[in-house]
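The values are calculated or read from the model by the stated rules, or taken from the named source; none is laboratory data. Everything numeric here is computed off the predicted structure, so don't read it as measured data. With ideal geometry, Cβ positions are generated from the backbone for all residues, glycine too; neighbour counts draw on all protein chains shown.
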Amino acid sequence: MGTALIYDEEMTRYKLLWVDPACKIEVPERLTVSHEALIKNGLADRCVSVPVREATDADILLVHSEEYLEAVKKTPYMTLEDLKEFTLQYGDVYFHPNIYHCAKLAAGAALQLVDSVMTGKVRNGMALVRPPGHHSMSSAANGFCVFNNVAIAAQYAKQKYGLKRVLIVDWDVHHGQGVQYCFEDDPSVLYFSWHRYEHQKFWPQLRESDYDSVGKEKGAGFNINVPWNKVGMKNSDYLSVFCHVLLPVAYEFCPDLVLVCAGFDSAIGDPEGEMCASPDIFAHLTHLLMNLAGGKLCAVLEGGYNLTSLPQSVCQTVQTLLGDPAPRPANLDGPCESALESLHCVRSAHRQYWSCLKHAAKLPTFEISTKRVKLAEEEERLEKGDEEKSQEEQVWPEPPKRVTPPIRAALVLPNGVACPDGCESFGASEDADPVIVNKLRENFVKDADDCHALTTLSSLISLVEKMEKNEICSGLALVCDVSMAMMCVVQHAATALSKRLLVVCVGDTAVPSDDTENGKTVLVQFSSKESEEQKCKYYIPVCLKKGCSDASGFLQAVLGLLLPLGYEYDPSLVLLVRMPDSGVCDSVWQQLTGLLQGLAQGHTLVLMQEGEKERVAPTASALLGDAAPSLGQLHSPLPEDVEVLERLRHRLQGDWKLLQTTAPETGRGDEH
Ligand code: Q6P
Ligand code: ZN
């Protein structure tokens, strides 16, 4: 199952024909540099090239009014003067004799992408299009957009394929108000957008872009706005909104298809966004969405105006869609205070609609946003002098080339267990280092005759070393004693290697936690057994009522606790240990395995008990990067579990900044 790439040079054949400072950044080179970067990095060749088509009148009318369509149809015949005049009735947009043709191709490209994914021709894909779409409304062009490509695609997907639920993720730095208006009262389309807002001072300066526009009537709760009230948002701010808002809600919503309004003006260097997230953050945003909807994801280009940053971000996105492991995320130092305020506001505004947010902190009785406007005005006066500084050119390092190891998944299996397709059977005893073998014999395999155990452990060690050298991406071993194998890897990693290890234990068996003292190992254990509260930053027991067998509680713990903690810790290896009594079902296990591969460049080593032969195929599939099956619509997590998780998050958020979901109390001032 491949990745579709849709591009046609024709969409570069229109441009601004007069002087307009607001529109001069929207240039044809945006597409050419993006496409050339995909070719140069060998990514275009790895994609399935799908041709564009023109959207038909019927397609366009799924979202737009007949009057508007008829008006746009006349633009190819207009004189320059008429085009200027026509343009004047809309905001921040320009027309050109060829833009109607391009706009039909842009919308048609999105539909071709939906068709390719829905018919199973490919798993996912990206369309590089101009003009963009998310600002365009039923009867109005706006913000460089003529037809609303993604909104049309969502309606089309629902109609043609009978989809019940479509998720639209708009990571462009502007608010796609056109998409919001289109689906405001529609519970079948969940629209999520983050956007530069600055308390309504930033374009398009709409009251309805704030966090309290949650959707209307039946659609209440299905519109999620995250306003950024400051510029300079970083990787941490973006990831924290994904972990604490978008992902939990998206899993609860359980979409049949994910559409992305993929604007890259939210990356560093963009003159419009003025944000500081690095281009490789899009590898993670993409990865985190790729296990929803059985992997059916269509990304459609929106904004992105820095001709260096844009192609880098596009490449990161496409390479991730192709299944290459994401690079290790850089400098995750926790969200800023303004982002935390936004997070607090959004979670609180949606707590009545989503059971995963039921426990979110309520807002103080006054509105933070109103109060913040006053503060913002004050700050603005103070910052007046810095104005030129913020316009300065940003510099950042080019993301390093992502090299995928030749072996994606290596398996250490006992005799008689078949190695699934696409995986490499691994037995390294031939070149086992005698020093290591002796050490294993002394420390772990006391029974001198148990050469089977010894062989397995030495294979494990050599597998870990090959992962460290990036010769192998991930591994899976069936062992006769998971606890012992786990200790063996932990000790080896802590002493012999320069690794930072994240150990994730699923199941009740007692695990030794004394190796977590040195800070080289973080251990998170999910179980149903009460354990005394540990005060150590590096040993985190998560105790759920039904352990890992309750999908919603477990997923809540994974998204809101394990992922943010894992991202902040930034391990070089993830050790995923499945205890024989884990009680976790295949689809949940595959989701966990898939999500964890966003860490440590996909270096995950899974340990399972020898008896669990049936789990090899589903686990291997997740390690190979196949999409995990969807979990179905989740019910509310148990109140006890929610309470446990919240207490844990509170206790840990001092040490782990990415666990925060509200702004620090200080500076919030008088409440009444
Ligand atoms: C921004 C217009 C320009 C003001 C100049 C799908 C992509 C977009 C469009 C932004 C239009 N204001 N300082 O559209 O969201 O990036
Ligand atoms: Zn934008």
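Of the residues in segment 592-607, at least one is buried (at least 23 other Cβ atoms within 10 Å of the Cβ) and over 23 Å from the mean Cα position of the chain (by Cα). Note on segment 131-168: residues that are surrounded by fewer than 24 Cβ atoms within 10 Å (Cβ to Cβ) and either within 16 Å of ligand 2 (Cβ to nearest atom) or of a type outside the set (Gly, Ala, Ser) (or both) amount to 11.
Working carefully through the options Gln316, Gln312, find the one that is in the same structural domain as Met118 (by TED's automatic domain parsing), at pLDDT 95 or above, over 22 Å from Cys243 (Cα atoms) and in a helix (DSSP H, G or I). Before the answer, list the steps.
Details: Gln316 fails: over 22 Å from Cys243 (Cα atoms).
Only one candidate passes the filter, namely Gln312.
Where helices (runs of 4 or more DSSP H) sit wholly within segment 70-186, those with at least 2 residues that are closer than 27 Å to Ala293 by Cβ, of a type in the set (A, V, I, L, M, F, W, C) and within 16 Å of ligand 1 (Cβ to nearest atom) occupy 99-118, 149-161, 177-183. When Gln177 is tested against (1) surrounded by 24 or more Cβ atoms within 10 Å (Cβ to Cβ); (2) polar (S, T, N, Q); (3) within 16 Å of ligand 2 (Cβ to nearest atom), exactly one condition is not met: (1). Output yes when any residue across segment 8-22 is among the hydrophobic types (A, V, I, L, M, F, W, C) and within 33 Å of the chain's Cα centre (by Cα), and no when none is. Scanning segment 8-22, I find at least one residue that is among the hydrophobic types (A, V, I, L, M, F, W, C) and within 33 Å of the chain's Cα centre (by Cα), so the answer is yes.
For segment 187-216, residues that are away from ligand 2 (no atom under 11 Å from the Cβ), over 19 Å from the mean Cα position of the chain (by Cα) and either assigned to a helix (DSSP H, G or I) or not hydrophobic (A, V, I, L, M, F, W, C) (or both) total 17. With respect to the conditions (1) free of Cβ contacts under 8 Å to residues at least 24 places away in the same chain; (2) farther than 28 Å from Gly334 by Cα, Cys536 falls short on a single one, namely (2). Test Tyr353 against the stated conditions and say whether it is in the same structural domain as Met11 (by TED's automatic domain parsing), out of contact with any strand residue (DSSP E or B) (no Cβ under 9 Å at 6 or more places or on another chain), within 16 Å of ligand 1 (Cβ to nearest atom) and in a loop (DSSP other than H, G, I, E, B). The answer is no for Tyr353. Restricting attention to segment 521-569, the residues that are crowded, with 19+ Cβ neighbours inside 10 Å and either touching a strand residue (DSSP E or B) at 6+ places or on another chain (Cβ under 9 Å) or farther than 13 Å from Leu501 by Cα (or both) total 34.
For segment 13-32, residues that are buried (at least 19 other Cβ atoms within 10 Å of the Cβ) and in a helix (DSSP H, G or I) total 2.
Out of the residues in segment 300-348 that are farther than 20 Å from Pro564 by Cα and charged (D, E, K, R), state the one that is nearest to ligand 1 (Cβ to nearest atom).
Start the filter on segment 300-348 by keeping residues that are farther than 20 Å from Pro564 by Cα, which leaves 300-319, 321-324.
Remaining after also requiring charged (D, E, K, R): 302, 324.
Numbers: Glu302: 4, Asp324: 27 Å.
So, considering only residues that are farther than 20 Å from Pro564 by Cα and charged (D, E, K, R), the one nearest to ligand 1 (Cβ to nearest atom) is Glu302.
In this structure, is Thr509 farther than 19 Å from Thr604 by Cα and either at pLDDT 95 or above or of a type in the set (Val, Ile, Thr) (or both)? The answer is yes for Thr509.
Quick one: is Ala493 among the hydrophobic types (A, V, I, L, M, F, W, C) and buried (at least 23 other Cβ atoms within 10 Å of the Cβ)? Reasoning before the result, please.
Values: among the hydrophobic types (A, V, I, L, M, F, W, C): yes; buried (at least 23 other Cβ atoms within 10 Å of the Cβ): yes.
So Ala493 fits the description; yes.
Please work out if Pro255 is under 30 Å from Ile6 (Cα atoms), away from ligand 1 (no atom under 14 Å from the Cβ) and in a loop (DSSP other than H, G, I, E, B). Yes; evaluated as a whole, the condition is true for this residue.
Just to be sure before I move on: is Ile224 out of contact with any Pro (no Cβ under 6 Å at 6 or more places or on another chain), part of a helix (DSSP H, G or I), touching a residue at least 60 places away in the same chain (Cβ under 8 Å) and away from ligand 2 (no atom under 14 Å from the Cβ) in the structure I sent? It is false that Ile224 is out of contact with any Pro (no Cβ under 6 Å at 6 or more places or on another chain), part of a helix (DSSP H, G or I), touching a residue at least 60 places away in the same chain (Cβ under 8 Å) and away from ligand 2 (no atom under 14 Å from the Cβ).
Here Val214 meets each of (1) within 15 Å of ligand 1 (Cβ to nearest atom); (2) β-branched (Val, Ile, Thr); (3) over 28 Å from Glu67 (Cβ atoms) with one exception, condition (1).
Sort through Ala220, Ala293, Ala250, Ala262 and tell me the only one that's out of contact with any strand residue (DSSP E or B) (no Cβ under 6 Å at 6 or more places or on another chain) and over 20 Å from Leu332 (Cα atoms). Break it down stepwise before answering.
On the way: Ala293 fails: out of contact with any strand residue (DSSP E or B) (no Cβ under 6 Å at 6 or more places or on another chain); Ala250 fails: out of contact with any strand residue (DSSP E or B) (no Cβ under 6 Å at 6 or more places or on another chain); Ala262 fails: out of contact with any strand residue (DSSP E or B) (no Cβ under 6 Å at 6 or more places or on another chain).
Just one listed residue meets the conditions, Ala220.
For segment 253-294, a residue qualifies if it is out of contact with any Lys or Arg (no Cβ under 6 Å at 6 or more places or on another chain) and either free of Cβ contacts under 8 Å to residues at least 12 places away in the same chain or of a type in the set (D, E, K, R) (or both), and the qualifying residues are Asp265, Asp270, Glu272, Glu274, Asp280. Tallying residues that are within 16 Å of ligand 2 (Cβ to nearest atom), buried (at least 24 other Cβ atoms within 10 Å of the Cβ) and part of a loop (DSSP other than H, G, I, E, B) within segment 280-305 yields 3.
Checking the conditions here, which among Ser621, Ser630 is surrounded by 16 or more Cβ atoms within 10 Å (Cβ to Cβ) and under 18 Å from the mean Cα position of the chain (by Cα)? Walk me through how you get there before you give the answer.
On the way: Ser621 fails: under 18 Å from the mean Cα position of the chain (by Cα).
Of Ser621, Ser630, the one residue that is surrounded by 16 or more Cβ atoms within 10 Å (Cβ to Cβ) and under 18 Å from the mean Cα position of the chain (by Cα) is Ser630.
Do we find that Ile436 is touching a His at 6+ places or on another chain (Cβ under 6 Å) and either more than 16 Å from Leu607 (Cα to Cα) or free of Cβ contacts under 8 Å to residues at least 40 places away in the same chain (or both) in this structure? When the stated conditions are applied, Ile436 does not pass them. The single condition among (1) out of contact with any strand residue (DSSP E or B) (no Cβ under 7 Å at 6 or more places or on another chain); (2) closer than 19 Å to Val479 by Cβ; (3) not aromatic (Phe, Trp, Tyr) that Met579 does not meet is (1). All told, Val241 falls short of being farther than 18 Å from Ser34 by Cβ and either out of contact with any strand residue (DSSP E or B) (no Cβ under 6 Å at 6 or more places or on another chain) or within 16 Å of ligand 2 (Cβ to nearest atom) (or both).
The residue that is nearest to Asn98 (Cα to Cα), counting only those in segment 13-32 that are more than 16 Å from ligand 1 (Cβ to nearest atom) and in contact (Cβ under 8 Å) with a residue 60 or more places away in the chain, is Arg13. What about Tyr181, is it of a type in the set (Ser, Thr, Tyr) and in contact with a helix residue (DSSP H, G or I) (Cβ under 6 Å, 6 or more places away or on another chain)? No, not satisfied.
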